[in-house]
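To start, the structure itself, in structure tokens.
Each value in this text was obtained by applying a stated rule to the coordinates, not by laboratory testing. These numbers were taken from a predicted model, which means no experiment stands behind them. Neighbour counts are summed over all protein chains in view; Cβ atoms, including those assigned to glycine, are modelled from backbone coordinates with ideal geometry.
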Amino acid sequence: MGSYVPATAAERQEMLQAIGMRSEKELYADVPASMLLDRPLNLPAGKSELEVRREMEALAAKNKVYATVLRGAGAYDHYIPSIVKYIPAKEEFLTAYTPYQAEMSQGILQSIFEYQTMICDLTGMDVSNASVYDGATAAAEAAAMCRDRKRTVTLISAAAHPDVINTVRTYCYGTGHELRVVPCRDGRTDSEALKEMLTEDVASFILQSPNFYGQIEDAKALGELVHAAKAQFVLSFNPISLALLATPGECGADIAVAEGQPLGLPMGWGGPYLGIMASTGKLMRKLPGRIVGQTTDSRGERAFVLSLQAREQHIRREKASSNICSNEALCALTAGLYLATLGPDGLKEAAKQCLAKAHYLCGALCAIPGVTLKYSGPFFHEFLTVLPKRDEVLAALDDAGILGGLPVEDGILWCATEKVSRAELDRAAAIVKEVLA
Amino acid sequence: MKLIFEKSMAGHRCTLLPACDVPEVELDSALLRESELPLPELSEQEISRHYTQLCRRVHGVNCGFYPLGSCTMKYNPRIDEEMAALPGFASVHPLAPEKATEGCREVLDVAAQYLCEITGMDGMTFQPAAGAHGEFTGVLLIKQYHRSRGDLGRTKIIVPDSAHGTNPATAAMCGFEVVNIASAPDGCVDLEALKAALGPDVAGLMLTNPNTVGLFDENILEITRLVHECGGLCYYDGANLNAVMGVVRPGDMGFDCIHMNLHKTFATPHGGGGPGAGAVGCKAFLKDFLPRSALMEGEGRLQVRSFAGNFLVVVRALTYLLTLGREGVPEAAINAVLNANYLMRKIRGSFTPAFDRTCMHEFVLDLSAFKKETGVSALDVAKSLIDRGMHPPTMYFPLIVHEALMLEPTETESRETLDEAAAIFRELYDLAFRDPEQMHTAPHNAQIGRPDEVKAARSPILRWTKE
């Protein structure tokens, strides 16, 4: 059996004696005897490291690893630089806990402070927290930040990611608040409908841009409508796209949220990911979760601490702005590291290549008879096509080791990142053409 | 040390991507970013050294003793990391077709099966990303259950005053009124206070057992019976599951739903504050209320985040479970309890345990009398431990003990480590009488002196700005 208990049987016996006990059973004397498990657990016997490795590798081998990924829809296959994989694996970062003891945790605290700075610079917002769980919970927490006694309703665009809408709905179910979904027209939020739905009880509107269909929304204009109605504007962005696209700050967002997975985190079948949250300075004390602040130590030197803790559950209990405790600190460290590794030029290059490759793929696909682009607005790296024989097309791509786009409504939602080459895109388009011929 | 921005030099960079091999695309200028993108510019070696310098200013459990009570800082095995990094797990798209993700689904199925067996539950979800998120998920199960029965008058959740702050915060996020009940003098649930709080308006009780002072509540069957009798459900906060796994099961204590912190009990790393994973288990009658992803599994259920949860954390936890197996799981629990009792006994000659009886996996020291005598606080002791290379215990928690220090050594520490720790505590006890000033101003050899937290909160600096 495998074990990480260092003490030998003899040592354990001596330790029992030292506490005046004869057997391990006495340790559990407080547990009513009738409740004690009177049989071994129905689990397999423990194993050596080599056996465990074989078993886990066999499980991993049951998954298909695609050579080419043309699917996004909330999780994106970007190139992860080697150093971005190795540094977060350092045991100091990996096996520390929340930096409660600042004098022993400056490295973690500084990494978060650097992350917060980079997120502010990327988004054009004033303040970032140290992360929440993922993009969906970030949106849900943002909605909670905006509500007050008079304004209790949250609006969300129907073109936001379905998991985000459903998560916000769940958080609203929790507190008993209402969520209303603003319909789309031609793959983008219907601004006329939004205008009508911005009633006096609306606290905030959550917009995603680029949206679930890949379309870039007219965020500035929609934000103005929201502000005209005295509600708050929550903008969910794609972090890579911000190297090119107008920032949430420039679009007038009060709170910017995002799924941070594109910033150097593996797709990992859904997690761990990173919930990015940034806001205007005005909302600083309403942000949920941990925030790192700069101060000075007893010697007058720069030091970092967990700050503004009066917002948090361990102080405020049932009056806290959120119950979040553990967050995604290591993912935040990874995202900061990723942004530093790419640098301004590298991030712009990655974003430009996403844009260029997605448009190249779109052109190649739409040149095939029978394939049409469903929505014609500007897009970043995702787009929706309608085509016949959808299942056959995806199956043929799959056979060739290509994960095609996601079936969405009556079409396929494609994504291309900087990671795919022209040759791969040509090959995918040729397969689609062959199936439809 | 310098911030990464202060090391930035224009033009320094890493070469990562090939030149673009398709035509460039221009977007309408109205859509474009106007402001600069002031990210740092460094070469790969400069980045590597920056983070190496940072990691030298971090103390992880794999670096040294970390008896942070209620956080279960046990050793994080390396094999778990390697398995989570396998491309067959790490490179899988969450929306890849079912037949391409059979291995991922099997990981969740097997992990669910093992964890149900350990906890005595019937159904499990891995969607919650952390413990508090699991609490949220679990209390939502309770809410949905009552609602589905048209039982709409249950508006209250009972929480003992010894509970972690996430419990009341969670109940509030689920729309419940929180009823805090005082603990009995022995640190356990006061049955009379519980009875007084129970009624037709109670949706449920949130409880940790062993509780936050490290004691197993002997009345647990009576507690869960009373709650059920009045129509409420019982929620088990699995923060302290490490003490009892394989020995006694929450399901057999009468709990209806639970969360586990995979990053505590099942040895996945805490990552400087996360990611964790908060698997939630429930009895059969609650299974239909478990959350699921709208995009992966269809609409119609609640969901607490995107996709299937922190999957790669579950991979690590399963690797750990396969390693320990049926004998190793209770062995870990028993040794966690043995280590805690051994350390408590060794320290007892100096500092005073808040409850002087056999503890579970952790114990609380009450330094209030010591502080009166010496003027040295729990905080001073904690900071003095840092000078001696030990991560301090949890401070000032639970709130029902004054000047509390809460120690949880876990099963992965050797007797030598515990002996050394006890010796340090004795040394500090003596030092407090001899030279209290040295302790008021500790730490002296740490990365920094005590930080000014008041200043940090009063005039917040939350990002770096170029001078």
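Show log10 I(q)/I(0) for segment B:36-88 at q = 0.20, 0.26 Å⁻¹, two decimals, from a solvent-free Debye sum over equal Cα scatterers. At q = 0.20, 0.26 Å⁻¹ the computed log10 ratios are -0.93, -1.00. One compactness figure for segment B:308-467 is 1.26, namely its Cα radius of gyration divided by 2.2 N^0.38 Å. Arranged from fewest to most other beta-carbon atoms within 10 Å of their beta carbon, B:Asp252, A:Asp134 become B:Asp252, A:Asp134.
Segment B:428-460 and segment B:248-262 have their alpha-carbon centroids 40 Å apart. Size descriptors for chain B: radius of gyration and Dmax over Cα atoms are 24.8, 77 Å.
Full extension from A:Cys366 to A:Ala423: what is 0.36 nm times the residue separation minus their Cα-Cα distance, to one decimal in nm? Intermediate values should be presented prior to the final figure.
On the way: separation 57, 0.36 × 57 = 20.52 nm, distance 1.73 nm.
Extending this stretch completely gives an extra 18.8 nm.
Sequentially through segment A:427-434, phi angles give Karplus couplings (6.51, -1.76, 1.60; θ = phi - 60°) of 5, 4, 5, 5, 5, 4, 4, 5 Hz, Gly and Pro residues having no value and appearing as x. Couplings for segment A:113-126, taken from phi via the Karplus curve 6.51 cos²θ - 1.76 cosθ + 1.60 with θ = phi - 60°, read 4, 5, 4, 4, 5, 5, 5, 4, 5, 5, 9, x, 9, 8 Hz in order; Gly and Pro are left as x.
Hey, could you get me the Stokes-Einstein D for the protein assembly as shown, Kirkwood radius over alpha-carbon pairs, 4 °C and 1.567 mPa s, rounded to whole µm² s⁻¹?
Working: Rh = 27.9 Å.
For the chosen part, D equals 46 µm²/s.
Cα-based values for segment B:46-152, radius of gyration first and Dmax second, are 19.5, 62 Å. Each label point was placed 7 Å from the Cα along the Cα-to-Cβ direction; for B:Asp419 and B:Ala184 their separation is 3.9 nm. Rounded to the nearest 500, the 222 nm mean residue ellipticity of the protein assembly as shown from helices alone is -11500 deg cm²/dmol, with -39,500 (n - 2.57) taken per DSSP H run of at least 4 residues.
Sorting A:Ile165, B:Ile79, B:Ile4 from the fewest to the most surrounding beta carbons within 10 angstrom yields B:Ile79, A:Ile165, B:Ile4. Each residue of segment A:181-192 was assigned a 3J(HN,Hα) from its phi angle through the Karplus expression (A = 6.51, B = -1.76, C = 1.60, θ = phi - 60°), giving 9, 7, x, 10, 9, 6, x, 10, 4, 7, 5, 5 Hz with x at Gly and Pro.
Segment B:33-99 and segment B:333-397 have Cα centres spaced 31 Å apart. Taking H as built 1.01 Å from N, whose amide H comes closer than 5 Å to the amide H of B:Phe355, not counting residues under 5 places away? Residues meeting the criterion, in which the H sits 1.01 Å from N, are B:Val364.
Hey, how much of the P(r) for chain A falls beyond 43 Å, as a percent of Cα pairs? Here the tail beyond 43 Å accounts for 24 percent of pairs.
Provide A:Tyr66, A:Tyr86 in ascending order of the number of other Cβ atoms located within 10 Å of each residue's Cβ, fewest first. Please list the in-between numbers first.
Working: A:Tyr66 21, A:Tyr86 12.
Fewest to most other Cβ atoms nearby, the residues stand as A:Tyr86, A:Tyr66.
Using the Kirkwood radius over Cα pairs, work out the Stokes-Einstein diffusion coefficient for segment B:78-321 at 10 °C and 1.306 mPa s, in µm²/s as a whole number. All intermediate terms of the calculation are to be shown ahead of the outcome.
Details: Rh = 18.3 Å.
D = 87 µm²/s.
Contact order, relative form, for segment A:241-303: 25 percent (alpha carbon pairs under 8 Å, 6 or more residues apart, mean separation divided by residue count). Orientation-averaged projection of segment A:347-435 equals 5.4 nm² [convex hull of Cα atoms, one quarter of hull surface area]. Less than 5 angstrom separates the built amide H of B:Ser306 from those of A:Ala136, A:Thr137, all sequence-distant by 5 or more or on a different chain. Near A:Pro344: Cβ cut-off under 10 Å, other residues only, Lys/Arg at +1 and Asp/Glu at -1. The net charge is -3. Relative contact order, whole percent, for chain B stands at 18, derived from Cα pairs under 8 Å and 6 or more residues apart. Give me the tail of P(r) for segment A:82-337 as a percent: Cα-Cα pairs with distance above 26 Å. Of all Cα-Cα distances in segment A:82-337, 38 percent exceed 26 Å. Under a 5 Å amide H cut-off, with hydrogens placed 1.01 Å from N, B:Asp217 pairs with B:Asn211 among residues at least 5 apart or on other chains.
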